[in-house]
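Each value in this text was obtained by applying a stated rule to the coordinates, not by laboratory testing. Since we're looking at a predicted model, the values are computed, not measured. FYI the Cβ positions are ideal-geometry reconstructions off the backbone, even for glycines, and counts take in every protein chain you see.
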Amino acid sequence: MTAGSLQTGHANRMRSALPAMLACLAVGASGLLAAQTADDVERGKAVFDNYCIHCHGSGPHNSGATVMLEEKYAGAVPGSLEERTTLTPEFIREFVRGEIGMAAYRPTEIPDPDLQALTAYLMRNNP
């Protein structure tokens, strides 16, 4: 299997996951984390930088899924997850655990406390 075919396969999976992604976004703010502390957000940023930034970051890390999502949403929704304002804990968990779209991270790779911190970081921009 070539790198190009792997990228095409990933792009096709992302496109097929779009309806589920939009449904998760529609859930809105239900189930928000109880209290996000500055430590949670800081720890979540470290988790993001370690596991997520390569595909979902902005700036010099703007590659992979970020580019695809920027093209797909045409500016209506930021491609970078760090810039989103509508992410929910359910949405984040489904993606990190691989239930929708991307390769899963096992709880031994991203333990639940780190996933909660990542969620706090990604939701820090939510109104």
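So that you can scan it fast, the table gives a plain yes or no per residue for (1) surrounded by 15 or more Cβ atoms within 10 Å (Cβ to Cβ); (2) more than 21 Å from LEU115 (Cβ to Cβ):
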site	(1), (2)
CYS52	yes, no
GLU71	no, yes
GLY75	no, yes
GLY79	yes, yes
THR85	no, no
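Collect the residues in region 79-96 that are part of a loop (DSSP other than H, G, I, E, B) and either in contact with a Leu (Cβ under 8 Å, 6 or more places away or on another chain) or within 15 Å of LYS45 (Cα to Cα) (or both), keeping them in residue-number order.
Those that are part of a loop (DSSP other than H, G, I, E, B) and either in contact with a Leu (Cβ under 8 Å, 6 or more places away or on another chain) or within 15 Å of LYS45 (Cα to Cα) (or both): GLY79, SER80, ARG84, THR86, LEU87, THR88.
Give the residue that is surrounded by the most Cβ atoms within 10 Å (Cβ to Cβ), with candidates limited to residues of region 97-121 that are of a type in the set (Asp, Glu) and either in a helix (DSSP H, G or I) or touching a residue at least 40 places away in the same chain (Cβ under 8 Å) (or both).
The residue in question is ASP114.
In region 52-68, what count of residues is obtained for those that are in contact with a helix residue (DSSP H, G or I) (Cβ under 8 Å, 6 or more places away or on another chain) and outside any loop (DSSP other than H, G, I, E, B)?
8
Return the pairs, sorted by first residue and then second, in which the second residue is surrounded by fewer than 21 Cβ atoms within 10 Å (Cβ to Cβ), the first residue lies in region 80-93 and is polar (S, T, N, Q), the beta carbons are less than 6 Å apart, and the residues are 6+ apart or on different chains.
The qualifying pairs are SER80/SER58; THR85/ASN125; THR85/ASN126; THR86/LEU25; THR88/VAL27.
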